[in-house]
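Take a look at this one; I'll ask things after.
The values are calculated or read from the model by the stated rules, or taken from the named source; none is laboratory data. What you see is a predicted model; the values in this text were computed from it and never measured. All Cβ positions, even for glycine, are placed from backbone atoms using ideal geometry, and neighbour counts span all protein chains on display. What goes into the accessible areas is simple: the full protein's heavy atoms, side chains included, and nothing from ligands, DNA or RNA. Shrake-Rupley method; radii C 1.70, N 1.55, O 1.52, S 1.80 Å.
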Amino acid sequence: MAKRNVIWTKTADLQFVGILEYWVKRNKSNTYSIKLVKLVTQRTNQIAETPFIYKSTDFKDYRVASLGNYSIYYKINDTEIIISAFWDNRQNPKKLLEMLKQKN
């Protein structure tokens, strides 16, 4: 199977950038954010190559890849992986529930 293209939705991109900015401000350093970018890049490459490796969710067609405190929610089609959310697992899960319902 060919590697699929990874597409980030605007929502997922804003969530990820927001988390990176938070850590830069909090730590007064970009070291942790750089590590997180590398980890997310590795994980998205893994998803692109073997998209069904991570577990499915209760939401139709969504799968989730866990990264400790963070999760990547994505959908799969024939040519693409669509990342719908980059979620901080310490947030209120009701917010995620509402967001995924809107995208479904």
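In deg cm²/dmol, rounded to 500, what helix-only [θ] at 222 nm does the chain give when every DSSP H run of at least 4 residues adds -39500 (n - 2.57) and the total is split over its residues?
Helices in the chain give a 222 nm mean residue ellipticity of -15500 deg cm²/dmol.
For K60, which lysines qualify as cross-link partners when the Cα separation must be under 25 Å and same-chain residues fewer than eight apart are set aside?
Leaving aside lysines fewer than 8 places away in the same chain, those within reach of K60 are K3, K10, K75, K94, K95, K101, K103.
How about region 1-57: which trypsin sites (Lys or Arg not before Pro) there are in a DSSP loop, with at most 13 other Cβ atoms within 10 Å of their Cβ?
On the way: sites: K3, R4, K10, K25, R26, K28, K35, K38, R43, K55; in loops: K3, R4, K28.
Passing both the DSSP loop test and the Cβ count: K3, K28.
A further question follows. If I model a spin label at V37 and I53 as a point 7 Å from the Cα along the Cα→Cβ vector, what separation in nanometres do I get?
Computed distance between label sites V37 and I53 equals 2.3 nm.
Counting only protein heavy atoms, what percent of the accessible surface of the chain is carbon or sulfur at a 1.4 Å probe? Intermediate results must be reported in sequence, preceding the final value.
Numbers: 3450 of 6640 Å².
Answer for the chain is 52 percent, counting heavy atoms of protein chains only.
About its Cα centre, how strong a charge dipole does the chain have in debye, to the nearest 20, once Lys and Arg get +1 and Asp and Glu get -1 at the Cβ? Walk me through the intermediate numbers first.
Details: 18 positive and 9 negative charges, 68 e Å.
Here the size comes out at about 320 debye.
Using a ≥ b ≥ c from the Cα gyration tensor of region 65-104 (square roots of the eigenvalues), is it rounded, prolate or oblate, where a/c under 1.5 gives rounded and otherwise the larger of a/b and b/c decides, a/b for prolate?
Details: a/c = 4.00, a/b = 1.38, b/c = 2.90.
It comes out oblate by the Cα gyration axes.
If you don't mind, another one. I'm spelling it out carefully: the read-out is log10 I(q)/I(0) by the Debye sum over Cα atoms at q = 0.15, 0.24 Å⁻¹, the candidates are (1) -0.53, -1.55; (2) -0.61, -1.42; (3) -0.72, -1.38, and one was derived from this structure. Which label?
So the structure-derived entry is (2).
Pick out which of V64, V40, V24 has the largest mean-square fluctuation in a Gaussian network model of the chain, springs linking Cα atoms closer than 10 Å.
Top of the fluctuation ranking is V24.
Which of S29, S66, S56 ends up with the largest GNM mean-square fluctuation for the chain, with Cα atoms connected below 10 Å?
In the Gaussian network model the winner is S29.
Hey, can you grab everything whose amide H is under 5 Å from the amide H of L67? Only 5+ residues off in sequence or another chain; H modelled, so Pro and N-termini drop out.
So L67 has HN proximity to I72.
Using θ = phi - 60° and the Karplus curve 6.51 cos²θ - 1.76 cosθ + 1.60, what whole-Hz ³J(HN,Hα) does each residue of region 35-42 get, with Gly and Pro shown as x?
These are the phi-based 3J(HN,Hα) values: 4, 5, 4, 4, 4, 5, 4, 4 Hz.
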